[in-house]
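Since the structure comes first, as structure tokens, the remarks are kept for the end.
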Amino acid sequence: MGLPYTVEPVETDLFYPDDLVIRKDFPSALGVVDRTTGDVNTQTPNPQLEYDHAITRHKDIPQPKFSRFLKDGIPPQSTVLVEWVNSPGSSELIPCKHLLLIHREIMFGDRVKKSPEDTMTGTVVNTAVKCSLARKTWIDPEGTVQFFSVPGFLTLSAPGPLQIGHEIALDVPSEELISMHHWHEGSLVLFQDFLGRIEQVVDQITVRLQNGTVVVPDRPSEIVTPQNTPLGRFEIGSHIQVHKTNLRRGKWIVGAYDPNAAPRGTVIGHQTVELRVIWISRRIHGPSYRPEPPSLIGLRDLESGLVRQYDRTRYPKNNSNVGRNTELWMGYCVRFNDEAAAALKYDGSKITKRFDGSEHRNHIVPRTHSGFNMNIYEIKSLTSTVTVQWQDLSTSTLRSTELIPENNIDDTNDTFPGEIVVSNEYKKDTDPGIVEPSRVGVVQSVDNAERLARVRWAVGASLKYMDVSDTGDLYTGNVLPGSTTGIPVSDSLPVENISLYDVRSPGVFAKRRGDFVILHPPPESGLNQSEELMDWFGEIVDIKLDGMLVVRLGALEEVRDVELAPEFVMFVIPSDMNLSGIEPGLDDEDGSDDSHLGDTIMSGEWHDVDGLGYIISIRPGLIFDSIFPPNSDEDDPDDPDDEWSTEESDLETGYDDDVMDWDSVNTESERGVDASEPSTVNPPANDVQPDAAKPMEPPSLEEDHTMGETLTPTVEGAPAAFEVLESPPPDSHFYVSNADFKLSTQLMRRVAKEHRILQSSLPEGIFVRTYESRLDLLRVLIVGPLDTPYEFAPFLIDFCLTPQYPQESPLAYFHSWTNGTGPVNPNMYENGKICLSLLGTWHADERNESWSPARSTVLQILVSILGLVLVKEPFYNEAGYEVRAGSADAVVPSARYSEATYLKSRKFITHALRNPIPGFEDVVNWLYLDRREGAPRLLDRAIAAAKEIIEVGERSGGAEVKTRGGLTRVTKGGMVILQRELAGLEALRPTTAEE
């Protein structure tokens, strides 16, 4: 028997989770990729804990690399972790060069690319899947039903007159098949006015025992489900052992209970009798008096038809060309929708060719046994063809193995045809905290290589929403009553070419194909009038160029599509959320952008927010009801295993001279070391590794090749790097409202020592101010290092030494001046959070040092930010991305991120010059505006650098060339912004009599 593949396997060195692969040297060995180097979400430490069998290594992988993988969970470069399907209980770390790609799971709504080097991304708008099947059952010569229980391709065999070749069906379209199970864990259900997710399914099974009797065991929930099935549920053919008590109390169909019979048998039938559901939202405008349904839904309700499972594979009869999807996977057990039609179609008369040229005839013979349907098939392989709409509005239909998923860090400047965008300019005279963009438009097409978009602006748009960017939920504010988008836009309106950096796609309207939504349509639509119709919930299946959303009402008896303006559609669950279950994850410490999650919040309603694929329900009377466990990785200062831990007296007083002898901690000046050399100052652990090719050392701001000055404040009139101000802290200091407290003698001594270190050892480009009246507060100005996207830009950070200091690290707040256009660094959020292990805002490990009360200093934090956060390629600062440095699929997104960052950081210069920073007025003036000999003149240098970048771009002729600031050639869209920023900087430059 040949292999069940009709398309040739693909040789590639890029694999992704859930890829279906075979070994080159043993093609019948089929496996599923579990972990890759580039997928952060799969890289939990100690991977062995996730398996009940030992992970093995391929002989080509050195033992030291394998040992490290078993610890950190990150496969070495060019390797993947594979779980072998036809060898249950076998997972192997194997080099990619030994694998061939059979199938890649690309779903409707996914974002994809053709290759890692491509700048253009596409959206999957249709899928077509073909399955190769093997019958699960056969009839032996005595007329007894038997089951194929060995999960392999070449091991399927059967005695008797039935030929196995007739039991294999190749290239069967997925729409001809239905899952053997009707109810699925993770699926969405509608009941009365509520939307829920199935957490558990209880099946009542029918078992044929080894003695030939047939019984429905009592209490099915007590029977242990098999572990080697894709869904972890009983399937036709599952071999099980049942407790005799369940058999004795069971319902006997054939024969009777025999206490001497072995309680082992095979499942030949099943019926779902109970669901456990988590209710996550409710119908808008539904009756408020109706209580939440019970979490357990019994057989009576299931048979009533009032509980409806949302089926994404159904589509309108008159429109099958939009939003087609499938939810089948390897190993699933299926039946034909129409067995009689299948028997006619697959009668053995037509030849199907495998990729190796061998022929096969599909022959389907329906069978029953003892009144039970035995026409159960197992999916042995898949072939997917997908239709992709690209950003330039072109479309193509390709095999899924010809595409790669776009899984890079969220690009806040990216957009797609049909999406709503707003201008970065706001209307004036709006209330504080309210955003009212001056223009609202619909994207017609995108030139992502040049960061340009064609936008058709709406007429009569009046859009207001809450600005909650300072909370970390970027653009997730709520649309205010009375807002209108002006959608649909007329195709008679003009189209404007605009830089992607001049617009944004607010999260409140950032809806994608595949998103599940609740409707609150206008009365004239005729929708959402009755709970029985279940027309208040659906899935976005298309986004039109006039801005209208096409929503599929998949819960209706007869599915239909409706068109609605975005303001009438409330986002519930994102297209990329895994509905099959919830797995433990970190908090939002990975810097994930929740901009896709905003929506209209209606009074008294429930809503859902998804941070990392997990649901958080916002319910009346509650704030956040999270279903994932709290982070358990916080550092414990009381941990006795910590070599830097202190005695109990330290924890009570915050300081102890006998334990923390700060007089023995010498500063650089006390050791006779040049204080301007930052690498000698308490070198920090690598919180991030932006460049895997070389070890990172905190860089100093060296002399520019065009401007010879440095920032060392040694010339006459230069401000001090560290200073204690007589004036009180300004109201703009983030922690000024924190309760003032009297510093203990011990803490005062510690603070004084911190001050001495800062006074003598600050690296070039860092300035610190504190206050006589509030020594617990510090304000820091850091100048971005040269030849990075941050060069010449000022970054302001406020610190607070709490009463628990130094047992706890200082509090830190970053002043982001990006005006809601996205973070300037993966570790520095718009809400002020700085992600750093020394600050306790990121987990510590062997590469990321945690705060040590005895050893860590404020200076160490500052040097870490300067040298390990404000780096040349900040894209790799994203959690887990450091291992991707230099990889093919990271080069393009890294270059985009650096360009966007350079443009944003120019705005920091403008902001600091137009808005004086209390406590640093003299520093900013000296750094940027002072024109005396020896002054840094950073404004002049920033202007010269911008002109240099523009000149290189104009000379390049579109070719990718390296320029300064960690940039390649600036795109046309980036050039628009850079020239605008250059004009703004030149307008701020002081003139002299000579000029």
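Annotations
- The range 961-995, residues that are free of Cβ contacts under 8 Å to residues at least 40 places away in the same chain and among the charged types (D, E, K, R): Lys962, Arg969, Arg980, Glu994, Glu995
- Residue in the range 886-901 that is surrounded by the most Cβ atoms within 10 Å (Cβ to Cβ), counting only those that are of a type in the set (Val, Ile, Thr) and more than 17 Å from Ile949 (Cβ to Cβ): Val892
- The single condition from (1) open to solvent by 50 Å² or more (accessible area, probe 1.4 Å); (2) in a strand (DSSP E or B); (3) at pLDDT 85 or above that Lys350 fails is (3).
- Hits in the range 414-463 - residues which are in a strand (DSSP E or B) and at pLDDT below 85: Tyr426, Ile434, Val435
- Check on Gly514, part of a loop (DSSP other than H, G, I, E, B), over 25 Å from Lys464 (Cβ atoms) and assigned by the TED database to the domain that holds Val443: yes
- Residue check for Leu30: of a type outside the set (Lys, Arg) and farther than 17 Å from Leu382 by Cα: no
- Single unsatisfied condition, Asn375 versus (1) out of contact with any helix residue (DSSP H, G or I) (no Cβ under 6 Å at 6 or more places or on another chain); (2) modelled with pLDDT under 85: (1)
- Restricting attention to the range 765-783 and to residues that are open to solvent by 10 Å² or more (accessible area, probe 1.4 Å) and not charged (D, E, K, R), the residue that is farthest from Pro806 (Cα to Cα) turns out to be Ser773.
- The condition (being closer than 23 Å to Thr841 by Cα and in contact with a Ser or Thr (Cβ under 8 Å, 6 or more places away or on another chain)) is satisfied by just one residue among Glu878, Glu873, Glu882, Glu899: Glu873.
- For Thr79: the one exception among (1) open to solvent by 30 Å² or more (accessible area, probe 1.4 Å); (2) of a type in the set (Ser, Thr, Tyr); (3) in contact with a helix residue (DSSP H, G or I) (Cβ under 9 Å, 6 or more places away or on another chain): (1)
- Selection within the range 435-460: residues that are surrounded by 24 or more Cβ atoms within 10 Å (Cβ to Cβ) and touching a helix residue (DSSP H, G or I) at 6+ places or on another chain (Cβ under 6 Å). The member of this set that is nearest to Gly418 (Cα to Cα) is Ala453.
- Extreme residue, modelled with the highest pLDDT, among residues of the range 522-539 that are loosely packed, with under 14 Cβ neighbours inside 10 Å and among the acidic types (Asp, Glu): Glu524
- Number of the condition not met by Gln979 [criteria: (1) open to solvent by less than 50 Å² (accessible area, probe 1.4 Å); (2) not in a loop (DSSP other than H, G, I, E, B)]: (1)
- Spans of strands (runs of 3 or more DSSP E) in the range 1-79 with at least 1 residues in contact with a strand residue (DSSP E or B) (Cβ under 7 Å, 6 or more places away or on another chain), under 28 Å from Lys353 (Cβ atoms) and not assigned by the TED database to the domain that holds Gly886: 20-23, 26-36
- Neighbours by Cβ (under 6 Å, 6+ apart or cross-chain): first from the range 434-456, of a type in the set (Ser, Thr, Tyr); second open to solvent by 10 Å² or more (accessible area, probe 1.4 Å) and part of a loop (DSSP other than H, G, I, E, B): Ser438/Glu425; Ser438/Lys427; Ser445/Asp392; Ser445/Leu393
- Output for the range 945-973, where each listed residue is over 19 Å from Val892 (Cβ atoms) and basic (Lys, Arg): Lys947, Arg955, Arg964
- If you check Tyr790, Tyr813 for being at pLDDT 95 or above and open to solvent by 10 Å² or more (accessible area, probe 1.4 Å), only one passes: Tyr813.
- Sole exception among (1) modelled with pLDDT of 90 or more; (2) in a loop (DSSP other than H, G, I, E, B); (3) within 29 Å of Pro366 (Cα to Cα) for Val273, by number: (2)
- Residues that are of a type in the set (S, T, N, Q) and buried (at least 20 other Cβ atoms within 10 Å of the Cβ), drawn from the range 233-265: Ser238
Residues are listed down the side, and each one gets a yes or a no for (1) touching a strand residue (DSSP E or B) at 6+ places or on another chain (Cβ under 7 Å); (2) of a type outside the set (Val, Ile, Thr); (3) within 20 Å of Gly919 (Cβ to Cβ):
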{"residue": "Pro789", "(1), (2), (3)": "no, yes, no"}
{"residue": "Gln804", "(1), (2), (3)": "no, yes, no"}
{"residue": "Tyr813", "(1), (2), (3)": "yes, yes, yes"}
{"residue": "Trp817", "(1), (2), (3)": "no, yes, yes"}
{"residue": "Asn827", "(1), (2), (3)": "yes, yes, no"}
{"residue": "Trp851", "(1), (2), (3)": "no, yes, no"}
{"residue": "Ala854", "(1), (2), (3)": "no, yes, no"}
{"residue": "Thr857", "(1), (2), (3)": "no, no, no"}
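- Count of residues meeting criterion [of a type in the set (D, E, K, R) and surrounded by 19 or more Cβ atoms within 10 Å (Cβ to Cβ)] in the range 908-935: 1
- Every residue from the range 464-510 that is among the polar types (S, T, N, Q) and either at pLDDT 80 or above or touching a helix residue (DSSP H, G or I) at 6+ places or on another chain (Cβ under 6 Å) (or both): Thr476, Ser483, Thr484, Thr485, Ser490, Ser492, Asn497, Ser499, Ser505
- Residue check for Val207: outside the structural domain of Gly538 (by the TED database), hydrophobic (A, V, I, L, M, F, W, C) and either touching a His at 6+ places or on another chain (Cβ under 8 Å) or not in a strand (DSSP E or B) (or both): no
The values are calculated or read from the model by the stated rules, or taken from the named source; none is laboratory data. These figures come from a predicted structure and were not determined experimentally. Backbone-built Cβ (ideal geometry, glycine too); neighbour counts: all protein chains shown. The protein model used for the area step is the full one, side chains on, heavy atoms only, and it has no ligands, DNA or RNA in it. Shrake-Rupley method; radii C 1.70, N 1.55, O 1.52, S 1.80 Å.
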